[in-house]
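The values are calculated or read from the model by the stated rules, or taken from the named source; none is laboratory data. Note that the structure is predicted; figures quoted are calculated from it, not measured. Virtual Cβ from ideal backbone geometry, glycine too; neighbours counted across all protein chains shown. When the accessible area is computed, the model is the full protein with side chains, heavy atoms only, and any ligands, DNA or RNA have been set aside. Shrake-Rupley method; radii C 1.70, N 1.55, O 1.52, S 1.80 Å.
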Amino acid sequence: MLNIRRYIGAILFAISIHIYFYSSPILKELDYKFYDLTQLFLSKDETSSYTVIIDIDEKSLQALGQWPWPRIIDAKLIDAIESMNPSAIGVNILFPEKDRTSPLVMQEFYKKFFNLDIKLNDFPIELQDNDKVLSSSIQKSNATLSTYFTNSPYTKESCQKLLYRDNLFNGAKSDLNSTSLLCNYESIQDSVDNFGFINASSDKDGVFRRIPLFVNYKNNIFPSFALATILSFDKYINVDTQKSSILVNFSTKPKTFSAIDILRGKVSPSEIQGKIVILGSSVIGLSSTYITSTGKKISSSMVHASVIDNILDNSFLVEKSIYKTISIIISLALSIIITILLFKRLYIYVLALLFSTLTISLYYIFNSYLDGIYLSITYFWIPFFIFFIPLLLYHVNITDYERQEHEKFLIRQSKLASMGEMLSLIAHQWRQPLSAINGTVLNIDIDLRKKGIQIEKIDRYLNDIEDYTKYLSQTIDDFTDFFSTNTNKERFYILDAIKEAERLVTISTDNNIDIIYNNNRENIEFLGYKSELIQSILIILNNAIYACHENLEDTNIGEIIINTYIKRDYIYIAIEDNGKGINKRDIKNIFNPYFTTKHKQHGTGLGLYILKLIIENHINGKIIVSNGTKGAIFTLEIPQNIDL
């Protein structure tokens, strides 16, 4: 019944752990870090790229003035890029308002505020509106424009009505929904068919790892800027519309050229020809910057260039939420199986299952990575180990408790076995004093009948009876003290424990076996459990007596010598006999349970095992066994204070 409650408790604990971690932000953070490690160890460091970045950098701003430039410059820049025959151009810049530097806009401005009519006769018609010039360049180059999704209600009506062409991605999966769209100035936006959103955001820990491929805007699916740029020259590219977002691989390194160098013709056309050009800015304040898992800062243009390379190379990773659920379920199943195996003490199966599971999970991580899938393995291992470690500690604690209880049981059994032997010996020992008491009483009766008894004789008879009864009473006290359970430590002299053990064994000791106690300090004091030390000495003495009996034919008289001494903070009790000693091949086994060199009727093989349990686990000491010149020597090394 107790085991069933343990099973149920462990399983409920496992379920609660896995439910908590399924939606835990802690696990998500750990998953981020694990993904960063996979990038560090599994990513290929490549130098080739399909993309080139044209950067409106500080150098360009110093040459042409602060942003925004007149859009005629942007148009000229796009024309210059187009002349180098790129595969596609993606403009990672938003133009939400009309260009206020256009000659027509300036003419309206001076008319409105200063009532001045400025003539534009010297301006060619095609240069009077910078937005038209830019629209013409974008249209001619088939460039892809940027849009930005936001939840702000303050967007232009033209942007709110914007739809992506032909509903190309209807049915695509998107975890992102938007209610508002920030697009380009109407005349510019209307000039293109290709546009995509440039939204990108870091994870909660501030590291950029993933980017959405699609956004749902008013039941219309819009592609990302990188995907739209690819579609501008390859409308039939195979894109999995069920991949709502991708984990970006930054292993490619697109070349970057300054915009001013393009305008001044300092870049060779061969650097641009056939490449996908991303026109953007790395200047702080003009463009967002992101931090990768390596700690490197990259521009928005670098993000979109890397995404384009990932799509064309199929080198990105996809993280599917279903894998998190599967990982959690498998982790829970493994936790339950491990619980059953642990409680059944099938430790080999536990180790085998853990090793095989670890091997299989690493295999699937690697192969899934090659297939472009990132497995959220932290959702499998972290909940499992958070459950397994407390379970293991609990199991070790329970096992240790059961072991201690088993040891106590064996010690009690040993005492009970000794009690059975001692009772028969007590009965044998009591026969003589009881017979003597009976004889004394008969003598008193005879003398009384003769009516010649003397007072001195009666006193002698009564003193004899008193001595006999004292002996009987002392014998009972000795065994009562030995078999009593005392869990409190006490201070006592080692000599007292040795004498009590000696009294217990003298009942069965023949006259031809001498026990000799040698000690130059009889006041060695010990703080511990007196009953257990007596039992330890008694076990050694009984074995020594048996060994002496077995060797009486050679020695004629058995001899057991007990020596005690102090060295540093330890008390040593050495007990040596003249019973030939212990066979060398048996010394390493004598403390194993049920190992005995005695005849079956004389031993169970538990005595020395229990001795080792008592000395090492209860008294914090150790046993040293060796063979002397005459027989075996058992030395108990115990601290003067049991807490040492």
- Task: State yes or no: is Phe233 open to solvent by 30 Å² or more (accessible area, probe 1.4 Å), within 30 Å of Gln62 (Cβ to Cβ) and either at pLDDT below 90 or among the aromatic types (Phe, Trp, Tyr) (or both)?
- Result: no
- Query: Can you find a residue in segment 243-257 that is open to solvent by 50 Å² or more (accessible area, probe 1.4 Å), of a type outside the set (Lys, Arg), out of contact with any strand residue (DSSP E or B) (no Cβ under 9 Å at 6 or more places or on another chain) and under 30 Å from Val207 (Cα atoms)?
  - Reply: no
- Just to be sure, is Ser282 out of contact with any Ser or Thr (no Cβ under 8 Å at 6 or more places or on another chain), over 20 Å from Ala75 (Cβ atoms) and at pLDDT 85 or above? no
- Look at Ile513 and say whether it is open to solvent by less than 60 Å² (accessible area, probe 1.4 Å), of a type in the set (Val, Ile, Thr), within 23 Å of Gln640 (Cβ to Cβ) and modelled with pLDDT of 80 or more. no
- Is it fair to say Asn199 is farther than 26 Å from Val277 by Cα, modelled with pLDDT of 85 or more, open to solvent by 10 Å² or more (accessible area, probe 1.4 Å) and under 54 Å from the mean Cα position of the chain (by Cα)? no
- Message: Tell me yes or no: at least one residue of segment 85-97 is assigned to a helix (DSSP H, G or I) and either among the polar types (S, T, N, Q) or over 22 Å from Ser187 (Cβ atoms) (or both).
- Response: no
- Message: For a quick check of your reading: which helices (runs of 4 or more DSSP H) sit entirely within segment 540-644 and have at least 2 residues that are modelled with pLDDT under 80?
- Response: 552-555, 607-613
- Message: Quick check on segment 324-340. Is at least one of its residues buried (at least 20 other Cβ atoms within 10 Å of the Cβ), polar (S, T, N, Q) and in contact with a Gly (Cβ under 6 Å, 6 or more places away or on another chain)?
- Response: no
- Does Thr179 satisfy the criteria of being open to solvent by less than 70 Å² (accessible area, probe 1.4 Å) and either of a type in the set (Val, Ile, Thr) or free of Cβ contacts under 8 Å to residues at least 12 places away in the same chain (or both)? no
- Search segment 17-34 for residues that are in a helix (DSSP H, G or I) and pair each with any residue that is of a type in the set (Asp, Glu) and modelled with pLDDT of 80 or more when their beta-carbon atoms are under 7 Å apart and the residues are at least 6 apart or on different chains. Glu29/Asp205; Tyr32/Asp203; Tyr32/Asp205
- Item | Residue identified as within 42 Å of the chain's Cα centre (by Cα) and open to solvent by 10 Å² or more (accessible area, probe 1.4 Å) among Ser268, Ser224, Ser282 | Ser282
